[in-house]
Each structure stands twice: as structure tokens, then as C-alpha cells.
1. Which numbered condition in (1) out of contact with any strand residue (DSSP E or B) (no Cβ under 9 Å at 6 or more places or on another chain); (2) within 28 Å of residue 144 (Cα to Cα) is the only one that residue 297 fails?
2. When residue 184 is evaluated against the numbered criteria (1) within 24 Å of residue 348 (Cα to Cα); (2) in contact with a strand residue (DSSP E or B) (Cβ under 9 Å, 6 or more places away or on another chain); (3) open to solvent by 50 Å² or more (accessible area, probe 1.4 Å); (4) of a type in the set (Gly, Ala, Ser), which criterion, by number, is the only one it fails?
3. Could you pull out every one of the helices (runs of 4 or more DSSP H) wholly within segment 123-188 that has 2 or more residues that are touching a residue at least 40 places away in the same chain (Cβ under 8 Å) and not hydrophobic (A, V, I, L, M, F, W, C)?
4. For residue 310, which of the numbered conditions (1) touching a Ser or Thr at 6+ places or on another chain (Cβ under 8 Å); (2) touching a residue at least 40 places away in the same chain (Cβ under 8 Å); (3) not charged (D, E, K, R) fails to hold?
5. Output the helices (runs of 4 or more DSSP H) that fall wholly within segment 42-93 and possess 3 or more residues being open to solvent by less than 40 Å² (accessible area, probe 1.4 Å), or say none.
6. Quick one: count up the residues across segment 175-201 that are under 16 Å from residue 133 (Cβ atoms) and within 25 Å of the chain's Cα centre (by Cα).
7. Do you know which of the residues in segment 108-142 that are of a type in the set (S, T, N, Q), under 24 Å from residue 196 (Cα atoms) and over 19 Å from the mean Cα position of the chain (by Cα) is surrounded by the most Cβ atoms within 10 Å (Cβ to Cβ)?
8. Is one or more of the residues making up segment 373-394 part of a strand (DSSP E or B) and either out of contact with any Asp or Glu (no Cβ under 6 Å at 6 or more places or on another chain) or at pLDDT 85 or above (or both)?
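The values are calculated or read from the model by the stated rules, or taken from the named source; none is laboratory data. Note that this is a predicted model, so its numbers are computed, not measured. Quick reminder, even Gly has a Cβ in these numbers, built from the backbone with ideal geometry, and neighbours come from all protein chains shown. All accessible areas refer to the heavy atoms of the entire protein, side chains included, with ligands and DNA or RNA removed. Shrake-Rupley method; radii C 1.70, N 1.55, O 1.52, S 1.80 Å.
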Amino acid sequence: MVHFATITTAIHHHLRRQIRTFVNARVKWVRDPYLDAAVEKEKNLKSLLSLKNLIISHPSKAPPLRTISPLKPQLNLPTTALKFIQNYPFVFKTFRPPIPLSTLHVKLTPNAESLHNDETLFLNLSHYRKDLAQRLAKLLMLTRANRLPFFVINRFKFDLGLPHDYLLSFLPEFPEYFQICQMGFKGADGREVFGLELVKWRKDLAVSVVEKGAKREDFGGGKRVHIRYLMNLPRGFDLQKKVKIWAEEWQNLPYISPYEDAFHLAPNTDQAEKWTVGVIHELLSLLISKKTERETIYCLGDYLGFGIRFRKALAHHPGIFYLSNKIRTHTIVLREAFNKNILIEKHPLMRMRYKYISLMNKVLRRGIPINAAALRHRKRLASVKAANSKRMKQVKSIEPKED
């Protein structure tokens, strides 16, 4: 016999799928200094690795500076090539070959070249390449057609950890996973657009990261996945009461896997938004740094037909996603992946990238290597000390003098 309360609950959940109840309240943005620090830590890393790959791919591994300078836009360098190179003396070294009228050349320092060799060994490990193939396959499985144009995939190349020449050095190794296909439309230049297609659906991969850790609970005589997203709000963030009530009810809605096609749901319903959040959550979970540029997410959402729904989901759920405006861009961060500014589960490739960051942070001062972050910290302390000393002098100058 089915209890009345069970029927009422089932009806309530059915209605919640059909209506939009997000309250007309502004969800304010509050800066999270820890996640900002996690983003800022990787400032210029992508550009530096692109330049490193360019240098190492040159036949001599020491190209002339004049061949690098025109590539500033492609490498996304924030300044001139020479100045960028000089900013990282423990990664790059400039020199002139011992021939008359030679121009400036660039090569990697021994430490950077050694790190590159370690990275190359790691990238060629079979278990890493299989992990990468599975994460790329899961990205394709988030789409209805199980395929994506290369212009979308390329936006995720760095965040997935794909080799810069993955078309030649990686894809041919996995013919059972991928095949190159025509997308059926032409680009702005009038040429046919090509993409990557999944050879066959892989049921074993169609499990989201949140489903793996979810509890199964009894519901109406059956089993369902009960998922409540982790909500990590920074200090100073206070949701309005009506937003808290809405968020609590929204959390209790049924979970739909991001690997299911739920486009049949009315787009402006709470249930559709929970599915949309699940798609973005899974997408960020596939990336080795658990974050990516906002425009990269928008690009995927627009191509898949989500349109404004990605934008609304990111704005409505600041406890799940954080928007950082550091390093000259906007970055979407998966909050639960971080403990303050520390990535909780570090992918082996991220550990390798942190080693590059360590080299980037070293500078020469009076010929002695010193950590740039430590130097900046000392300067801040000196600045605070000077400001306090100035204030104390001002206070003493206005104190009444004794007769």
C-alpha cells in the first residue's frame, strides 16, 4: 500500500520539474581570495609552455629571437617576446652564437630542459594516455551527437592536457575510441569544418564524478541517486533567506546524469537547471586543473544548444562555481575541488606544471636565486611597516606637548 505522503512527495517533485521557481533576488558576487590565488598562481603558465614547446620543436632547440617575436599573438604573450623571456631567467636563456654579426637566440635553461624531458616521459606513459583518451571520450559523450568540432576541442586542449600536436601524436593511437569526421557545416572562411567523433558509446564511462560517490536511498519503493551538490561559500557571502529556501528545494530535485539527453525538459524549469549544472560540474571535473576560462564554457554551451542556460546556471550557483577575474580573463572554478587555494586531488600532469611554476617564480637578485613570491611578500611587509611608522609619526605630531 502506497502512503499518501509518498504520493504527495512524488507529485511535488513532478510539479517542480515543470515550473521555474528561482526567486527574483540578486545573487551577489563576493571575491574569494583563496580561489583567486589559485587562479593567479598559473599566470602566464599557458603562454610559457607554448613558448617552451615552440623552442624545443626547433631543429636546433635554440631558435633566433626574430622568429619568435612575430608569434606574440599566437603564443598569447602579455608583452614583447624578449621581455617575457627575460622575466623567467630560470626557464629561458638568451645568447649569441659565436659567429660574426649573429642575432640573439633563445634556448631552455638546463633545469627547464630537464623538466621538459621528465614531462615528455610522463606524457608517453601508457596509463596517462589511456586516462587522457577516456577523459576526451567523456567530453564527446556530453554532447548529443557524441562529436565536437576541432575549434571547440582546441579551446579545451590545455585544460584537458592534450599534447600540442595531438592530431598527429595522440589520436592515431586510439582508433577504437575516435575518428575524424566532417561536421556537416562550413566555417566563416567557407571551408568544411572537421571534428572528432566517438567510434562507439562507452557505457562504462557514462558515470559522472558525483554519481560515483553518491548514496543510493529508498524512494517510492525503488532506488534513485540522491545527490546534493557541495556548497562552499566564502566568508562574507550571505544568501538572502528566500534564495536559501529555493536552493534547499532545488538540491532535493532528482539528479539527471549529464550523460543523459535531457533537452526534452522545458528549458526554464528548475529540473532543467539541475541537469545543466550537472553538465558544467562534470565538464570541470574532466579538466586537470578543475577550472577553465568562462568563454571556453560558453563556447561549448552555445555549440550544444544550451545558450543562455549555462550563463544562468553559473550565476545562480556561486556555492558550486566561482568566477575569478584574475590574470586578464574570467575563470570558472569548481569550488569543491579546492581546499582554500590548494587543489585537493592533483592530477600528475598538474604536479608537473607546478614544477614549471616553481621555476617561473625564481628570479635573480644580486646574482642569487630567490623566490619571486617570497620577494613580493617581503615588499608588502616592508610597505605595511613603513605605512604604520608614518601613521605613528603623524599621531605623535598632533599629540599635545607637556608644559
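1. (1) is the only condition that residue 297 fails.
2. It fails just one condition, (1).
3. The qualifying helices (runs of 4 or more DSSP H) are 126-141.
4. (2)
5. Working: elements: 45-57, 65-68, 72-75, 81-86.
Of the helices (runs of 4 or more DSSP H) lying wholly inside segment 42-93, those with at least 3 residues that are open to solvent by less than 40 Å² (accessible area, probe 1.4 Å) span 45-57, 81-86.
6. Within segment 175-201, the subset under 16 Å from residue 133 (Cβ atoms) is 175-180, 196-201.
With within 25 Å of the chain's Cα centre (by Cα) added as a condition, the list becomes 177-178, 196-198.
Going through segment 175-201 one residue at a time, the tally reaches 5.
7. Going residue by residue through segment 108-142, those that are of a type in the set (S, T, N, Q) are 109, 111, 114, 117, 120, 124, 126, 134.
Subset that is under 24 Å from residue 196 (Cα atoms): 124, 126, 134.
Next, from what is left, pick out any that are over 19 Å from the mean Cα position of the chain (by Cα): 124, 126.
Details: 124: 11, 126: 8.
Among residues in segment 108-142 that are of a type in the set (S, T, N, Q), under 24 Å from residue 196 (Cα atoms) and over 19 Å from the mean Cα position of the chain (by Cα), the one surrounded by the most Cβ atoms within 10 Å (Cβ to Cβ) is 124.
8. Step one: filter segment 373-394 for residues part of a strand (DSSP E or B), giving none.
Checked against the condition, which is being part of a strand (DSSP E or B) and either out of contact with any Asp or Glu (no Cβ under 6 Å at 6 or more places or on another chain) or at pLDDT 85 or above (or both), segment 373-394 yields no hits at all.
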